[in-house]
Amino acid sequence: MGLGAARHWAAIPRAIGVTTIAVPEAGRPPVEVDGGGKVHMIPRDLDRLDAVLERTELGPALVTTPAQTIYDLTMKSAQGGMPAEADAAVRHLLAQVTRTELAEVVEARGRANDALRTTLAEMGSQDERS
């Protein structure tokens with residue numbers, strides 16, 4: 001989810017050594033990784049995430065869809081401690097998502113902040129990928 005999923009979808013550079021992963025329980029501190037990376041474990045209801053099974057360098061993993069990733073990054077851009085990179089990732093991911101796909105994620109989650117409502121409005125009635 002978040003920055004990690006954005007990296008998977010090639011929306012941010014691999015050189016960014018921060019990622020966020022969804023975990024079922026709160027209270028887990030960030031983990032420092034050898035080589036300078038950091039993994040933030042974010043409590044989420046895993047059944048409510050729009051995720052797909054993807055092949056990664058470390059093996060199969062669930063990764064939030066581009067639309068869910070936009071939702072996560074827009075709702076909490078500071079999560080993971082890199083809000084500028086989160087904002088850039090959203091801009092890059094928008095080319096991979098239709099307004100309908102993003103609206104479905106928003107509807108399923110039942111809430112949207114001002115930034116997400118603005119993003120949807122800017123997408124207009126576009127329903128086809130460019």
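With +1 assigned to the C-beta of every Lys and Arg and -1 to the C-beta of every Asp and Glu, and no other charges, what is the dipole magnitude of the chain about the Cα centre in debye, to the nearest 20?
On the way: 14 positive and 18 negative charges, 37 e Å.
In debye, rounded to 20, the chain gives about 180.
Scan the range 12-67 for trypsin sites (Lys or Arg not before Pro) in coil per DSSP, keeping those whose Cβ has at most 13 other Cβ atoms within 10 Å, and list them by number. Display every interim value, and only then the final one.
Values: sites: Arg14, Lys38, Arg44, Arg48, Arg55; in loops: Arg14, Arg44.
Here the sparse-neighbourhood loop sites are Arg14.
Among 28-37, 97-106, how do they line up by average Cβ neighbours within 10 Å per residue, starting with the highest? Don't skip to the end; give the middle numbers.
Values: 28-37: 9.9, 97-106: 18.5.
Going by the mean number of other Cβ atoms within 10 Å, highest first, we get 97-106, 28-37.
Since every read-out is calculated from the coordinates, none of them should be taken as a lab result. Just so it is clear, the model here is predicted, and its values are computed rather than measured. Here Cβ is always computed from backbone atoms with ideal geometry, including for glycine, and neighbour counts include all displayed protein chains.
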